[in-house]
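Enquirer: First the structure, then my questions, so here it is.
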Amino acid sequence: FLLSGKVVVEKDGVELAELGNPGDVFGEMAVIQSRPRSATVRAFNQTLCLMVDSSYMDMLDKTDKSTFMYVIFRIFSMLLANRLRETTDALIAAKREIDALKKGGL
C-alpha cells in the first residue's frame with residue numbers, strides 16, 4: 001500500500017502506470033496467485049509504503065484469518081475491477097486508433 005510518494009509500474013520496459021495516491025496498491029497479483037511478481041515497481045521520488053506479508057495469515061486463528069483474508073481480497077477485487085475497466089477502455093481506444101490508421105486517417 002502506497003502511503004506517500006509516487007511509483008512507476010513497468011513491464012518489459014513499458015510504463016504501465018504511475019501510482020501516487022495514498023492507498024494505491026501494487027504487488028497484489030503476486031499475493032492472489034502465489035507467484036512471483038509480474039512487473040517492476042520503481043520509486044519515482046521519496047516513497048513510503050506499507051507491506052502486507054501474506055505469510056502472516058498462516059499465524060492467525062481461523063476466525064482472524066478469515067477476517068484478514070476477506071478484507072485484503074475485498075480491497076484487491078475492487079482494485080482489479082477498476083483496473084480491468086481502465087484496461088478495457090484503453091483497449092477500445094487502441095482498436096479505434098488502429099482502425100482509423102487502416103482506413104488512412106486519424
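The values are calculated or read from the model by the stated rules, or taken from the named source; none is laboratory data. Only a predicted model underlies this, so the values are computations on that prediction, with no experimental measurement involved. Virtual Cβ from ideal backbone geometry, glycine too; neighbours counted across all protein chains shown.
Enquirer: Which pairs turn up if I take residues in segment 71-91 that are in contact (Cβ under 8 Å) with a residue 24 or more places away in the chain and look for partners that are assigned to a helix (DSSP H, G or I) and of a type outside the set (S, T, N, Q) with beta carbon separation below 8 Å, at least 6 apart in sequence or on another chain?
Expert: What qualifies is Ile72/Val31; Phe73/Ile32; Phe76/Glu28; Phe76/Val31; Phe76/Ile32; Leu79/Glu28; Leu80/Glu28.
Enquirer: Test of understanding: among Asp64, Asp58, Asp89, which residue is surrounded by 10 or more Cβ atoms within 10 Å (Cβ to Cβ), farther than 25 Å from Val9 by Cα and acidic (Asp, Glu)?
Expert: Result: Asp64 is the single residue among Asp64, Asp58, Asp89 that is surrounded by 10 or more Cβ atoms within 10 Å (Cβ to Cβ), farther than 25 Å from Val9 by Cα and acidic (Asp, Glu).
Enquirer: I would also like to ask the following. Could you tell me whether Val41 is in contact with a strand residue (DSSP E or B) (Cβ under 7 Å, 6 or more places away or on another chain), aliphatic (A, V, I, L, M) and surrounded by 15 or more Cβ atoms within 10 Å (Cβ to Cβ)?
Expert: yes
Enquirer: Would you mind telling me which numbered condition in (1) surrounded by 15 or more Cβ atoms within 10 Å (Cβ to Cβ); (2) of a type outside the set (Gly, Ala, Ser); (3) part of a loop (DSSP other than H, G, I, E, B) Val9 fails?
Expert: All conditions are met except number (3).
Enquirer: Further question: Exactly one condition in (1) in a loop (DSSP other than H, G, I, E, B); (2) exposed (fewer than 12 other Cβ atoms within 10 Å of the Cβ) is not met by Glu97; state its number.
Expert: Failed condition: (1).
Enquirer: So how many residues does segment 35-84 have that are among the charged types (D, E, K, R), outside any helix (DSSP H, G or I) and at pLDDT 85 or above?
Expert: 2
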